Structure formats: C-alpha cells, structure tokens
Amino acid sequence: MIPELHNSVGVSRLQASRPVALLVILMALVALASASCRTRSADGAAPSTTTARTAEKPAAPSPVQGPPAPSANAPSSLPEAGEKPPSSSDVTLPGSISPVSATGDPARDWQLKYERTENSPEADLVVRTGDINNLGFGWPSGFDPFSGKSTPVHPHPWKAAKDEPEGTDRILLGSSVDPSEELRDVVAYNRLGSDGYSGILSDCALAGPSCKERQESMPRPITLAIGALPAKIDAVLFQIFADDFQVPHFHSHFQVSLNGTRIPSFEQAINALDQTGPIGKLVTLRLLPEYWPLLRSGNVQLLIDDPTTRVRDGYAVDFVRILVNPRKFKYEVSLLASVLDADTRKPISGAIVTAALQSASTDDSGRCELKGLPAGLVVATAASSNYDQNSTTVDLPTGETGRAEILLHKHQENTAALERSIAQTGSATVYGIHFDTDSARLRGDSLPALNAVLGLVQNHSSSRWLIAGHTDNQGNDARNQPLSEQRAAAVIAWLKDHGANGSQFVPQGFGSNRPVADNATSAGRALNRRVEVALAK
C-alpha cells in the first residue's frame, strides 16, 4: 500500500478505561520483548542501556589532512558574474551562534560546535556543524575519526546535551514513525521492523506522535553556515559522521535534501549504509555541480528523513562538514570494484563507478580501480544504461585497498514496479518515455511506459501526481528548461486522452538542474534524461 494514500499518522491520544489500558500496555511490553535488536557489543554481550554519557575528553591526534595539492578538475565560477556573494557577516544561525575558524589544533578545534575556516590545509573552505566527539562519548586515546578506523561500541540510548546543534548527537527516527500504530495492530507494527535505538519509543504507544521521546527524535535540519564562497569552485564534498543507518536490513528509505531540494546521489549513498555496533563512520559524498547554487544562500540546511516507510530504523549524526575545493586527503584508500548483472552474474563493461571525487569505467571483465579516496565508509555507486543505479559500501581504514561487488538490476517500468517505487520512496523514475530530438513530441516506442504510468494513476484515482520532466546538460538552460516543461505537459496530455482525470496532475520541468548522476559521462547523461512521477503533497 502507498503510505501517502491513507491517513494512519496523527491519531489522537487513546481514551480507554483502566483495564483496557493495562491490557494494551501488557501487550506492548510483550511485543517489545520479542522485537529483534540488531546491535551488538564488541565481546558479544548485550549492549549497555546506560543513559549517562562518558566524560572522556577527546584526544588530540594529528591534523586530518595533508598539504595542498592542485585539483585536476577544470574550475567553474561561482557566484555568477556581477552577483554579490553573501559575506561572512551575512551568516546567521539559530540563537545568534557564529562559526569559528579552526587553528589546526584538534584538541581545541574539535570542540567547536560551528566551524568555518578559509584556506586551510584541507580545502579552500571548510564548514562544519557539530563537535567532533563521537556523539558525546569521546574517542579512545590517540584516535582520529578521519582515519577510517572503527571506534569501540558505544552505549545506547543516551540524552543529547542541550547545547548540541539541532540534528546532531541525538537518536533520530523517520517522521513516518507513529508509535501509536502499535495499539491498532501490534503484529503489523512489529513486522515493520525496529532497531535498538527505537527503544526510546517504548513508552510512547499511548501518547502517539505527541510523546516527548517521539518529538525529541523527530528528524530536523542540520544548519551549516557557509557564508561567502570561493570565487572559483571545482569540487564540493560533504562529510557526514553517520551512526547506525541500517537500510538494507530494515528496508527503510531515507530522503536527503539541501534547503528543501532532494539530492538523489546523497539518497543513493545513505540508503546503501548497513551499519551495526552501534559504531559511527565517516561517509564522504560529492555534491554534483548542478546543486552548487544551493550553497549561495549563505546557510545550508541538510535534512535526512524517512517520511514514507514507517520503519523504526534509528540513526544519529555526530557532525557534518562541507569541503569546497578539497585538497589531497591525508588518509587515503583504494577500491577494486566489479560490476555484474544481478540476474545473470555476467560482467557489465563500460559501467561508471564513482566514489567521492573519483570515477572509472569498467573494462570487459566488469572491473575498475579507484585510488585516492578518503578513508572511512566508502560508498561506491555504479551506473550503466538500461540498469538501475546501485551502491555498495566498503569499510576501509587508511592505507587499505578494498573490494566491492556491485550488482545492477535491469530497469523495470511496468505498473507493479512503479507501485513498489512509489510505496517506498514516494516517486518513480521512468526512462521509457521517449521524445523526438529537441521536441516534446512523444515517440511510438513510449507506449509501454506510458501505459504503465496510466495504470499507476488509475489505481489511485483520488491522489494527485507530479509529472516532472528532466534533461541532461547538453544544450543550454534557456532551451532545456522549457523543453522539460513541455515534455511533462505532453505526458499529462497523453494520460488525459487515455482516460485519466486531468485534475490529478501537476506538471513540472527542471531542465538539467536536478541530475541523478554525473553529466560528465554518457551513462550519467542517459540516467538524467527521464520523467519522474511523484505523489503531490
């Protein structure tokens, strides 16, 4: 069932007699006792549930980056000519908090809750929100979280300190989670799945969404004060110290947005994470150039949320950093990747594999190598025509070379496949709708995909749908933007002509501004030329 098509969230507080309430509470306790928890401790013992955090002070390891090195990428200009960038004085954060420049001394710098450093050994600009302190538990003596090495398992649950930046150092659960669902159908509620972090909701069944623990664990944006950008930008990286995301295991699905704009490549990476422990790890993600204009506002809000699946996959973020024009990493790793057809296990040649700032094309054996990657939890993503993108993670401490096998599934566009995508993510991508070159005229070979979309919307005639057109970056924005709008309108016109209710649809066109892959490669451009169908909110 598509979550957005029924109203199961926001049920008012249960009003019941005392005997019924006691019976319900007893059922909830039994269910919680039987629910599985995937966390584990280093020695195999049950993890601690101590609520007080240790007072261990972070150690002072060596600086996390090496000396500057020139980038091989051709620079592009930001801001645009004649446009005045926001100055440092324009940077404001909640509570009038101002970021502070790092000095190069980790013992001091890592305690900063907001950092903004220009021309550092790490990058032309480094912006950070969240102190670097392992969710408040501290690091082992001499430990450097940028080295990719694993920390000891930390206890859970815990209470975030009141002065921690919003969205950091606390347990969060997707906004679709409603603990009062347990009272309506305890079997279905437990079938959705839960991890150890979701135990913070154990007393919330009666209160539902108004429960204090549910409100405190609601996802909230992490604000990064960027201020003035460098005059020229050739690369932007986000580094997230992520803790306990377990998407492949629990089938949760996270959406990742910057200032309200979803970033598909970030979502692809976060939804590949399968962490246990609980142990945090550094994840490094490249922001594609088409999204750089989002940084011009001076402040950027990063939001990670699961608004659709209702799965209780708790997670936490220690800190987030933005590196503009990053230099050579001090802690580097390499990756040997192989890309295979998921059904036949045959190698896929010519697939593009990317991780952080590096990319490579697979040879005839489906293999390639990526070097100079930042240590940590490396997310490798493979793309090839006629296949769905897929990502896998490899945990790599500094100096190591890891191996990744990435399985790609053939892209499917029947109505059932679109239904599954909508149910999990709220949107579905359609590549089988084709147009004449530089035109909004539908081609005859689009009929199978158009009929699949028609079946989807007719199955949910009371829902409203966004129909969005996207192009690659070939040509110019002055042409691509109206062309994408015209193509979305052409799809809607076809659906109306074949029996769909025209009032169901909202046309959108994004031109080349919302890529899902790198436009620098032919495989990436093919993935960016698409129509997306999404539930309108």
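The values are calculated or read from the model by the stated rules, or taken from the named source; none is laboratory data. All values derive from a computational prediction rather than experimental measurement. Don't worry about glycine lacking a Cβ; one is built from the backbone with ideal geometry, like all the others, and counts go over all protein chains shown. Side chains included, ligands, DNA and RNA excluded: accessible areas come from the protein's heavy atoms. Shrake-Rupley method; radii C 1.70, N 1.55, O 1.52, S 1.80 Å.
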Rounded to the nearest 10 Å², the accessible area of THR393 using a 1.4 Å probe with every protein chain kept is 40
Relative contact order as a percentage, the range 99-157, C-alpha pairs under 8 Å and 6+ apart, gives 24
With every protein chain present, what is the per residue accessible area of the range 448-500 (1.4 Å probe, Å²)?
-> 44
Please calculate the 1.4 Å probe accessible area of SER257, with all protein chains present, and give it to the nearest 10 Å².
-> 20
With all protein chains present, how much of the accessible area of the range 399-537 (probe radius 1.4 Å) comes from carbon and sulfur, to the nearest whole percent?
-> 47
Would you work out which of SER384, TYR431, LEU450 lies farthest towards the positive end of the dipole of the range 379-454? Charges go on Cβ: Lys and Arg +1, Asp and Glu -1.
-> LEU450
Subtract the Cα-Cα distance of SER461 and ASN414 from 0.36 nm times their separation in residues, and report this length gain in nm to one decimal.
-> 15.1 nm
Carbon and sulfur: what percent of the range 257-347's accessible surface (1.4 Å probe)?
-> 49
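Which of LYS159/LYS330; LYS113/LYS159; LYS149/LYS330; LYS149/LYS232; LYS149/LYS328; LYS113/LYS232 have a Cα-Cα distance over 22 Å? Numbers along the way, then the final one.
On the way: LYS159/LYS330 33 Å; LYS113/LYS159 17 Å; LYS149/LYS330 14 Å; LYS149/LYS232 33 Å; LYS149/LYS328 19 Å; LYS113/LYS232 27 Å.
From LYS159/LYS330; LYS113/LYS159; LYS149/LYS330; LYS149/LYS232; LYS149/LYS328; LYS113/LYS232, over 22 Å: LYS159/LYS330; LYS149/LYS232; LYS113/LYS232.
Taking only protein heavy atoms and a 1.4 Å probe, what accessible area per residue, in Å², does the range 222-353 have with all protein chains in place?
Values: 3360 Å² over 132 residues.
About 25 Å² of surface per residue is accessible.
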Simple label model, 7 Å out from Cα along Cβ direction - VAL506 to MET218, nm = 2.1
Looks like the range 227-370, by Cα gyration tensor root eigenvalues a ≥ b ≥ c and the a/c under 1.5 rounded cutoff (else prolate when a/b is bigger than b/c, oblate otherwise), is oblate
Probe 1.4 Å, all chains present, heavy atoms only: GLU369 accessible area in Å², nearest 10, is 90
